[in-house]
1. For the stretch 92-174, give me the percentage of DSSP beta bridges that are antiparallel, rounded to the nearest 5 percent.
2. Using only DSSP helix segments of four residues or longer, with each worth -39500 (n - 2.57), what per-residue ellipticity at 222 nm results for the chain after dividing by its residue count and rounding to 500?
3. Give the percent of DSSP beta bridges with both residues in the chain that are antiparallel, rounded to the nearest 5.
4. Among the aspartates and glutamates, which have Cα under 15 Å from the Cα of LYS3 when same-chain residues fewer than 8 positions away are ignored?
5. Say a paramagnetic label sat at a point 7 Å from the Cα of ARG207, along Cα to Cβ; which residues of the stretch 1-19 have their backbone N under 11 Å from it?
6. In the stretch 109-211, what is the volume of the convex hull around the alpha carbon atoms, normalised per residue and reported in Å³?
7. Using Cα springs under 10 Å in a Gaussian network model of the chain, which residue among SER157, SER176, SER33 shows the largest mean-square fluctuation?
8. Could you give the length gained on full extension between VAL37 and GLU131, defined as 0.36 nm per residue of separation minus the Cα-Cα distance, in nm?
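A short reminder: the numbers here are calculations on the coordinates, not readings from a lab. Since we're looking at a predicted model, the values are computed, not measured. No Cβ is skipped: glycine too gets one built from the backbone with ideal geometry, and neighbour counts run over all protein chains shown.
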Amino acid sequence: MVKIALAKGRLAEIAIDLLQTSGYRFPDYSKKSRKLVFEDETKTISLTFVKSMDVPIYVEKGATDIGIVGKDILMEIEPDVYEMLDLKMGACRICVAGFPNTKIQRQQLVIGSKYPNVAKKYFQNQGIKTEIIHLNGSVELAPIMGLSDVIVDIVESGKTLKENGLVVLEEMHPISARMIVNKVSLKTKGKIVETLIETLREETKNRYEDC
């Protein structure tokens, strides 16, 4: 059995739909269920629901063989796994955002972000010194409350930024969901893992061929 780690939410719903379209059915699965592990009808695949930030850890440590997780989390954690497939879903951007007239090319920049490592590396590459404030809640509040000059966060529609008087100042990285694989699992369960990868690759191509 191949174990797949997922985080509950919109990304998981799309991923499960993708798996079911590919022929893997999970009769016991329900969005309202409090269960954390679900098996498909043929007992080929097991889905395990964890926090999104924990998906790469479960895969790296071998608790699961495969994970489906956003590129933003992979960039932040940098796990020792194989990134095998861009699933195209959940497309968005990591951006620098702040008030419209904020200048980000300065000697010292205070940044509020859920992604401190991504932010630090990005500005280091530009030679800009930073103070990174790691936040877990609504990062849009940081510049509003004078806690930071700018924020680094995921932007999809930009509606939340606009409603809080903020704008995208700079786009950093395009983001989408990725399939990651444990390095040992790719050897020990290579045949079934590779079959699953190719099945989802073809389904992704059919569904997002214009992306």
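1. Numbers: 11 of 20 bridges.
Percent antiparallel among DSSP bridges in the stretch 92-174 is about 55.
2. Details: 8 runs with 65 residues, N = 211.
Value at 222 nm, helices only, nearest 500: -8500 deg cm²/dmol.
3. Numbers: 24 of 40 bridges.
About 60 percent, rounded to the nearest 5.
4. GLU39, ASP40, GLU41, ASP54, GLU60, ASP65, GLU194
5. Counting only backbone N, you get 11-19.
6. On the way: hull volume 15.5 nm³, N = 103.
For the stretch 109-211, the hull spanned by Cα atoms encloses 150 Å³ per residue.
7. Result: SER33 has the largest fluctuation of those listed.
8. Details: separation 94, 0.36 × 94 = 33.84 nm, distance 4.02 nm.
Contour length minus Cα-Cα distance gives 29.8 nm.
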